Amino acid sequence: GIKIATIGGGSSYTPELVEGFIKRYDELPVRELWLVDIEEGREKLEIVGNLAKRMVEKAGVPMEIHLTLDRRAALKDADFVTTQFRVGLLEARMKDERIPLKYGVIGQETNGPGGLFKALRTIPVILDIVKDIEELCPNAWLVNFTNPTGILTEAILRYTDFRKVVGLCNVPIHIHMNIAKGLGVEAERVHIDFMGLNHMVYGTKVLLDGEDVTSRVVSEFARPAESMTMQNIKAMDWNPDFIEALGAIPCPYHRYYYQTKVMLEEELEAAKKDGTRAEVVKKLEESLFELYKDPNLNIKPPQLEKRDGAYYSDAACRLISSLYNNKGDIQPVNTMNNGAIASIPDDCAVEVSAVITKDGPKPLTMGDLPVAVRGLVQQIKSFERVAAEAGVTGDYKTALLAMCINPLVGSDNLAKQILDEMLEAHKEHLPQF
Ligand code: NAD
Ligand code: G6P
Ligand code: MN
Ligand code: MN
């Protein structure tokens with residue numbers, strides 16, 4: 001049987017994951033699931049862990065659920081480690097979203113200054129986890145959901161010798177499912193070439209039963225916002241001429257780059273009205289945990305779909321299953337480029353369609369990015385590399401450089417002001433600075 005350790009086990013997404021393991025028990029016999037959290041998350045861990053126990057009991061699968069604050073005990077001899085933690089919890093996310101807005105800059109947890117600071121807080125923790133894995137379960141795969149997953153994958157690949165890491169995001173699977181829905185066919189009949197970076201990924205080719213339907217999909221389904229966007233990102237149609245000229249399917253996060261002005265206005269308005277996304281999520285989470293407490297609840301409640309966890313568990317479980325069962329199917333993941341995308345260096349983390357076997361992801365050879373997006377992707381890659389270096393070294397000037405070269409900031413003195421305020425606001429979670 002399989003032992004899984006899930007770090008950040010108190011997450012409201014955990015029932016999603018547990019449901020996925022239950023559904024796939026025959027092909028993926030998870031005998032032990034260890035949910036790990038920290039002191040601040042003890043109560044959430046307790047509530048969500050007890051729900052997980054009821055779910056497993058109701059389903060009648062022999063999966064043991066362990067709840068612990070002892071990460072090392074959870075990691076000992078684990079086969080897979082999944083991570084879904086948030087350093088500084090939603091309080092920190094609120095600062096990531098609010099502080100940049102004061103300076104007229106996008107406030108988002110994985111893009112711009114917010115994404116940089118989420119990376120700076122998380123890198124020391126994830127590198128520590130990698131050290132523990134190397135000691136306690138060196139053969140385990142690390143499946144990292146923790147954001148910003150692209151930068152964290154970059155940091156691990158660049159600054160450690162650990163190679164059994166896969167960064168995962170539910171955006172590509174979301175796009176895939178929506179396109180299949182739009183075409184009115186089963187998802188299995190659709191293949192999409194994904195290439196780019198995390199939250200900066202494009203669908204560059206769509207095949208239906210092997211036939212190229214990219215231009216039809218781009219003009220019919222990529223344009224209307226409703227079919228592509230996610231709960232946390234305001235839906236707005238793309239300009240039809242723009243999207244057809246682009247000839248690829250952008251991801252919802254591209255709105256921050258191609259619709260910057262209007263996204264900023266949206267954010268400012270939302271921040272006044274309902275609060276930033278962190279504040280909205282905080283309320284959602286409180287009501288979710290109230291539901292989770294009900295001793296009669298023994299399934300994943302449908303209300304969880306208000307979070308952006310859609311397909312979260314499908315993405316995680318199908319990846320783990322393909323690693324475990326050596327399936328050789330194609331899934332989009334964050335992994336080392338190794339030549340898959342021309343004009344991105346081999347040793348960089350990219351988000352790309354890859355063949356998944358027991359030896360890990362092997363990216364498909366994609367060729368080059370379309371010229372219209374190549375520069376942006378390379379610029380974000382540069383930002384991610386400098387951000388990762390700042391996270392590892394704690395060097396002030398490197399952090400300033402990262403802030404400044406991010407296209408959502410793009411101004412030296414402004415970058416310094418935002419950096420200084422955010423370093424101060426987050427200092428308890430930035431031991432390296
Ligand atoms: P959350 O705020 O509920 O945090 C989850 C848990 O992590 C909390 O219970 C918290 O106590 C715990 N935690 C914090 N620091 C920890 C540490 N050092 N060790 C162990 N546990 C720790 O967050 P959430 O909304 O469930 O999201 C969790 C993470 O997953 C975030 O980083 C989020 O961005 C990410 N996420 C990623 C995807 C994706 O597509 N990659 C999808 C959903 C969420
Ligand atoms: C999507 C993204 C995740 C992100 C989440 C935010 O699922 O892929 O990376 O963490 O949205 O959702 P939330 O409900 O926390 O705003
Ligand atoms: Mn949460
Ligand atoms: Mn994501």
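Data overview
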| read-out | value |
| --- | --- |
| Expected 222 nm ellipticity per residue - DSSP helices of 4 or more, -39500 (n - 2.57), all of the chain, to 500 | -15000 deg cm²/dmol |
| Residue-count net charge about GLU421 - beta-carbon cut-off 14 Å; Lys, Arg +1, Asp, Glu -1 | +1 |
| Approximate spin-label separation LEU69-LEU291, in nm, with each point projected 7 Å along Cα-to-Cβ | 2.9 |
| Net charge over other residues, Cβ less than 11 angstrom from the Cβ of GLY328 (K, R count +1; D, E count -1) | +1 |
| Reach of LYS362 by Cα under 21 Å, taken over lysines that are not fewer than 8 positions away in the same chain | LYS164, LYS205, LYS327, LYS381 |
| The range 379-385 - phi-based ³J(HN,Hα) in whole Hz, Karplus 6.51/-1.76/1.60, Gly and Pro as x | 5, 5, 4, 4, 4, 4, 5 |
| Under the Karplus curve 6.51 cos²θ - 1.76 cosθ + 1.60, θ = phi - 60°, whole-Hz ³J(HN,Hα) for the range 246-254, x wherever Gly or Pro sits | 5, x, 9, 9, x, 9, x, 5, 5 |
| GNM top mover of ASN337, ASN144, ASN198 - the chain, alpha-carbon springs below 10 Å | ASN337 |
| Of every Cα-Cα pair in the range 378-426, the percent that sits beyond 14 Å | 46 |
| Using θ = phi - 60° and Karplus 6.51 cos²θ - 1.76 cosθ + 1.60, couplings along the range 130-137 (whole Hz; Gly, Pro as x) | 4, 4, 4, 5, 4, 8, 9, 8 |
| Highest-first arrangement of 90-98, 123-131, 54-62, 208-216, where packing means the average Cβ count within 10 Å | 90-98, 123-131, 54-62, 208-216 |
| Mean accessible surface per residue for the chain, computed with a 1.4 Å probe while every protein chain stays in place, in Å² | 40 |
| Value of Rg to Rh for the chain (Rh from inverse mean 1/r over Cα pairs, i.e. Kirkwood) | 0.94 |
| Long-range HN-HN contacts of GLY367 with modeled amide H, under 5 Å | ALA342 |
| Of ILE179, ILE106, ILE243, the one that fluctuates the most in a GNM where the chain has Cα springs shorter than 10 Å | ILE243 |
| Largest-first principal axis extents, alpha carbons of the range 91-189, Å | 48, 45, 22 |
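The values are calculated or read from the model by the stated rules, or taken from the named source; none is laboratory data. The structure displayed is predicted, hence computed values, not measured ones. Methodologically, a virtual Cβ is constructed for each residue, glycine included, from the backbone with ideal geometry; neighbour enumeration extends over all protein chains shown. For accessibility, only protein heavy atoms count, side chains too; no ligands or nucleic acids. Shrake-Rupley method; radii C 1.70, N 1.55, O 1.52, S 1.80 Å.
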